[in-house]
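Let me begin by presenting the structure, written as structure tokens, before commenting on it.
The values are calculated or read from the model by the stated rules, or taken from the named source; none is laboratory data. Computed from a predicted model, the values in this text were never measured in an experiment. Every residue, glycine among them, receives a Cβ derived from its backbone with ideal geometry; neighbour counts consider all protein chains shown. In case anyone asks, the SASA skips ligands and DNA or RNA and just uses the protein heavy atoms, side chains included. Shrake-Rupley method; radii C 1.70, N 1.55, O 1.52, S 1.80 Å.
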Amino acid sequence: MSSSIDIFKTVDDLLQSITTNKIAYYGLLVALLVGVFKLTTFTLSFGTLLFELFIKPSVDYKVYGANSGKFAVVTGASDGIGKEFALQLAKKGFGIVLVSRTQSKLEILATEIETKYKVDTRIIAFDATTDSEENYEKLNKLIYDLPITILINNVGQSHSIPVPFLETTTKELQNIITVNNLATLKITQIVAPIIAKTVGKHDSKIKGLILTMGSFAGLIPTPYLATYSGSKAFLQEWSNALAGELASDHIDVELIISYLVTSAMSKIKRTSLAIPSAKKFVTSALSGVGTRNGAQERFATSTPYWVHALMHFGIVNTVGTYSKIANSINYKMHKDIRIRALKKQARLSNTSNSGVEKIE
Ligand SMILES: NC(=O)c1ccc[n+]([C@@H]2O[C@H](COP(=O)([O-])OP(=O)(O)OC[C@H]3O[C@@H](n4cnc5c(N)ncnc54)[C@H](OP(=O)(O)O)[C@@H]3O)[C@@H](O)[C@H]2O)c1
């Protein structure tokens, strides 16, 4: 009883000192206004997230020239997410330029696309780790006179398994930066002017689109994937800067952020709520163009798959992407993945060694 009287007395004293002390009064007022402002912006951005994810209709690809003989260029097109971008854009009525490493896989995919969707395809195979000018010249020669309106910068390489930065081989880190950054930039320098020319010819009645694959590793610094993480963060800044530059050419430029998707790169075969198939992921990426979904705090960026979007929004609005806590959770997660990957490598090498012994 006496303790509740004490509390009332303390609150009463506090209110008295606030009303009599001007500094305390205005301090409280400012804190209240900041609180109301934060709550309002949070509610608005959460509301926008839900609207964009579940209610807003998908973009109509006629705006990018669908079904009118226009082309999309897709890099890393022979597998995983890139292959799905190629298939789904072909289904929407775009001719497809398939750019990737393995000629035979591209030939099979081109035949599949032409048979299924009756659109024109072109293929070009080169290994982007070589960064050879000859490859870029070949690409330019193949596409310079095509009416291209879309570029999907999807090609990417990650570490073969999570690895401490100081143990990363020079070859691996060089390949990651060359493929993810240098090749993406050089290909964009070839394709973007062609898109601008196509859009210009139509008096800007249609628009251009450049999508670039980012990653959660670029959103949150990721220990044990340090080089890959840095390469994807680089793409975030570069893509956003390009969005500003190309807006006057009527070209929409967006970075697409994704958490895990089943593919050869992720080495995950089984889908789950948080890990969609490439097909499901690309469907959400293409229908989410022009909206930010989970990336509400960013410009010209989208986290389109709904579970990834809620994860992105949740992290930004709780621990934050650059916090120590996010970093240490990520550190532990990737260290554990490395331990499991090393065990698997050891198991596989034991099995193959015993196989060799039997043959001998
Ligand atoms: N899967 C995920 O969980 C995930 C998550 C976030 C972001 N991403 C990003 O999404 C993009 C696609 O990833 P994915 O999982 O679909 O990868 P993937 O299944 O391994 O496919 C990669 C594609 O890129 C091509 N490629 C790889 N290295 C190349 C090189 N040196 N030169 C030319 N082409 C090369 C491959 O060609 P080949 O068929 O000849 O090998 C293949 O077509 C990447 O940018 C990745 O960083 C993926």
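Brief remarks follow.
- For the chain, a simple Cβ point-charge model (Lys and Arg +1, Asp and Glu -1, everything else neutral) yields a dipole of about 820 debye relative to the Cα centre.
- Protection proxy ranking, highest mean first, for peptides 102-110, 150-158: 150-158, 102-110, where packing is the per-residue count of other beta-carbon atoms within 10 Å, averaged.
- Residue 45-residue 297 pseudo-label distance in nm [points 7 Å out on the Cα-to-Cβ vector]: 0.6 nm
- Estimated 222 nm signal from helices in the chain, with DSSP H stretches of n ≥ 4 weighted -39500 (n - 2.57), rounded to 500: -18500 deg cm²/dmol
- Annotation: per residue accessible area for region 61-333 equals 44 Å², rounded to a whole number [probe 1.4 Å, protein chains only].
- Ranked packing of 318-329, 187-198, 79-90, most packed first, by mean Cβ within 10 Å: 79-90, 187-198, 318-329
- Nearest-0.05 FRET efficiency for residue 319 and residue 26, computed from C-beta distance (R0 41 Å): 0.85
- Note on region 162-319: dipole from Cβ charges, positive end direction compared against 242, 261, 163; the farthest Cα belongs to 261.
- Expected-Rg normalisation [2.2 N^0.38 Å, Cα atoms] applied to region 61-333: 0.97
- Each part reduced to its alpha carbon centroid, region 122-166 and region 283-298 end up 24 Å apart.
- Among beta bridges identified by DSSP and lying wholly in the chain, the antiparallel ones come to about 5 percent.
- Computed lengthening from residue 102 to residue 332, 0.36 nm per intervening residue step minus Cα-Cα distance: 79.3 nm
- Each of residue 197 and residue 19 was given a label point 7 Å from its Cα along the Cα-to-Cβ line. The distance between the two points is 7.7 nm.
- Cα-based reach from residue 9 at 27 Å (exclusive), listing lysines while leaving out same-chain residues under 8 positions away: 22
- Over region 3-71, all Cα pairs binned in 10 Å intervals from 0 give whole-percent P(r) values of 16, 19, 19, 15, 12, 8, 7, 4, 0, listed from short to long.
- The calculated FRET efficiency for residue 145 paired with residue 55, based on their beta-carbon distance and R0 = 41 Å, is about 0.50.
- For the peptides 49-56, 171-178, the ranking by packing is 171-178, 49-56, with the highest mean count of neighbouring Cβ atoms within 10 Å listed first.
- Label zone at residue 116 (point 7 Å along Cα-to-Cβ), backbone N below 14 Å, region 67-98: 78-94, 96
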